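Presented below is the structure to which this report refers.
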Amino acid sequence: MAFQGENNRWGAGPRFGGQTILLVEDSRMFSAVLSHRFHAELGLNTKTCASLKSLREVLAQDGEAYTIAIVDLTLPDSPYGEALDCTMENGIPAIVFTATFDIATRNRIMERSVVDYVLKDSEFALDTLVAAVRRAMTNRKTRVLVVDDVASARQLLVELLKAQQYMVVEASSGEEALSALQTYGDIELVVTDHHMPDMSGYELTRRIRKRFGSDRLRIIGVSSSSDRMLSASFLKAGASDFLYRPFGAEELQCRIANNIETLTQLKQLRAAAARDYLTGLYNRRYFYDLGPKLVTDCLRQKAVCSVAILDIDHFKRLNDTYGHEIGDTVLKAVADRLATIFDGSDNLLSRLGGEEFAILFPMMDSIAATKLCDEIRSDISRMTVTADDEDLSVTISIGVAEISAHETFDNYLNAADQFLYMAKHKGRNLVYSDAKLTGEAAQ
């Protein structure tokens, strides 16, 4: 049983602890504020350089230590973007942060395959820059599939996406694309050409949509066709977006970013809907949704699993004595401890409601689950919760039932609930199960 640090159960934005970004900026105000925000909001450490000279010294010491760089385009000793060139030459992805901007400057920036650029000319500049860094860091865990039978066109898209820090998979035909979707289960975006030898991008879009909803995978169609109705056909087939060639690289970047952001928001909504409002654990609805699927997977492999119902002892008396606010404090303390215990495991933990929690143990028989639950019970019994300057002790009772045959999910939980009742009847602060019942009957 692993006792690890608390996992993130509250739907907060991603943090990237332990990584360091390079901030090349001669303004002390910007450097101080950004360093604070990068650490507070993203968990990132910052190394600052105020000049091209100091940048070269830092890179000479350890140029591979930096995940990404924020580079002011003009510094006193770097008036023409030399600091950006120096950063890119060392293979560090860069976001340009600049007050000097015109069309020529924009073109010069984009030619260097930077991740993004942010202008200093608005009150939202710092917010925009922090968001750009968060997006670039998140992109590193986002896989995109590029489908195009023309190698040069495909390579152009691949290079653009890699500059944005995406993980990229390539396919030169529709069949290769479908195969890639089977091989890589984490593809979140498909960018597909229309004219291909084995199937059109339109047909590929239709076939992808039969397997993946738009809340799980986004599709962007691209084509050099002169048929202005093609975009409508793609969208009706299930595409999320469409571009006609030739398109600007920056336009494609923005459309891809918008589609990935939509997926991120949908994930956050699903996560919020699956969580209990008080404890942050999975809620009853999620447990009843995912639990039966996990049980079916186990039984299909001719393996058993177990389910446990856990209840805080004398919780009604605690509420009546100390009030519901203290009751909530105890609930959250128990939930936090359970979350810590099960962090990183394959077991499904949820709060069913009130003081009752449920745990599903895939691939674990009743004997092993009973032993694990007794360790949990013992750990909780040693815990104290401070409320109104008083230390309260907490105990739990647990009922465990093995699942070895197909029944309704409610039947499994009812069996565990019966064993929970027996645990309470035998004095509480106890684990009781079918394995214990069988052992007692054999004596």
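We did not get these values from a lab; they are worked out from the coordinates using the rules stated. Note that the structure is a prediction, hence the values are computed from the model and not measured. Using ideal geometry, Cβ is built from the backbone for each residue, glycine included, and neighbour counts are taken over all protein chains shown.
A few comments on the model shown:
- Mean-square fluctuations from a GNM of the chain, with a 10 angstrom spring cutoff on Cα atoms, peak among THR279, THR87, THR105 at THR105.
- Distance between region 153-168 and region 50-75 - C-alpha centres, whole angstrom: 25 Å
- The ratio of the alpha-carbon radius of gyration of region 141-273 to the globular-protein estimate 2.2 N^0.38 Å is 0.98.
- Helix 409-425 and the longest principal axis of the Cα set of the chain meet at an angle near 50°.
- Relative contact order of region 284-442, taken over Cα pairs closer than 8 Å and 6 or more residues apart, is 30 percent.
- Based on C-alpha pairs under 8 angstrom that are at least 6 apart in sequence, region 141-273 has a relative contact order of 21 percent.
- Taking the C-alpha atoms only, the angle from helix 52-62 to the longest principal axis of the chain is near 50 degrees.
- Candidates ALA368, ALA308, ALA257: whichever shows maximal mean-square fluctuation once the chain is modelled as a Gaussian network with Cα springs under 10 Å: ALA368
- Region 195-218-region 89-124 distance, computed between alpha-carbon centres (Å): 34 Å
- Checking [x] 0.98; [y] 1.16; [z] 1.08 against the coordinates, the calculated Rg/Rh (Cα atoms, Kirkwood Rh) falls under label [z].
- Estimated FRET transfer efficiency (ALA249, HIS425; beta-carbon r; R0 56 Å; 0.05): 0.20
- Among beta bridges identified by DSSP and lying wholly in the chain, the antiparallel ones come to about 40 percent.
- Gain upon complete extension [ARG216, ASP328; 0.36 nm per residue less C-alpha separation]: 36.8 nm
- Inverse mean reciprocal Cα-Cα distance (Kirkwood Rh) of region 283-328, Å: 13.4 Å
- Which of TYR202, TYR277, TYR288 has the fewest Cβ neighbours within 10 Å, and the rest in rising order: TYR277, TYR288, TYR202
- Packing-based exposure ordering (other Cβ within 10 Å, fewest first) of ASP336, ASP127: ASP127, ASP336
- Prolate/oblate/rounded call for region 284-442, Cα gyration tensor, a/c under 1.5 rounded: prolate
- Placing pseudo-labels 7 Å out from each Cα toward the beta carbon at ASN414 and GLU89 gives an inter-label distance of 7.6 nm.
- Relative contact order (%) - criterion: Cα under 8 Å, at least six apart; region: the chain: 11 percent
- The C-alpha radius of gyration of region 134-197, expressed as a fraction of 2.2 N^0.38 Å, stands at 1.08.
- Gap separating the Cα centres of region 252-287 and region 352-378, nearest whole Å: 27 Å
- Compared with the direct C-alpha span, the chain from LYS53 to GLU203 gains 48.5 nm at full extension, assuming 0.36 nm per residue.
- Seen against the Cα atoms of the chain and their longest principal axis, helix 324-342 is set at about 70 degrees.
- Cysteines (scope the chain) whose Cβ has no counterpart Cys Cβ under 4.7 Å: CYS49, CYS86, CYS254, CYS373
- DSSP bridge pairs, region 20-138: antiparallel proportion in percent, nearest 5: 5 percent
- Phi angles of region 162-173 translate, via the Karplus equation with coefficients 6.51, -1.76, 1.60 and θ = phi - 60°, into HN-Hα couplings of 5, 4, 7, 6, 6, 7, 10, 10, 10, 9, 9, 7 Hz per residue; Gly and Pro are given as x.
- Residues MET137, MET363 in ascending order of nearby Cβ atoms (within 10 Å, fewest first): MET363, MET137.
- For region 233-286: rounded, prolate or oblate by the Cα gyration tensor [a/c cutoff 1.5]: oblate
- GLU375-GLU261 pseudo-label distance in nm [points 7 Å out on the Cα-to-Cβ vector]: 4.5 nm
- Label-point separation, ARG270 to SER224 (7 Å along Cα→Cβ), nm: 3.7 nm
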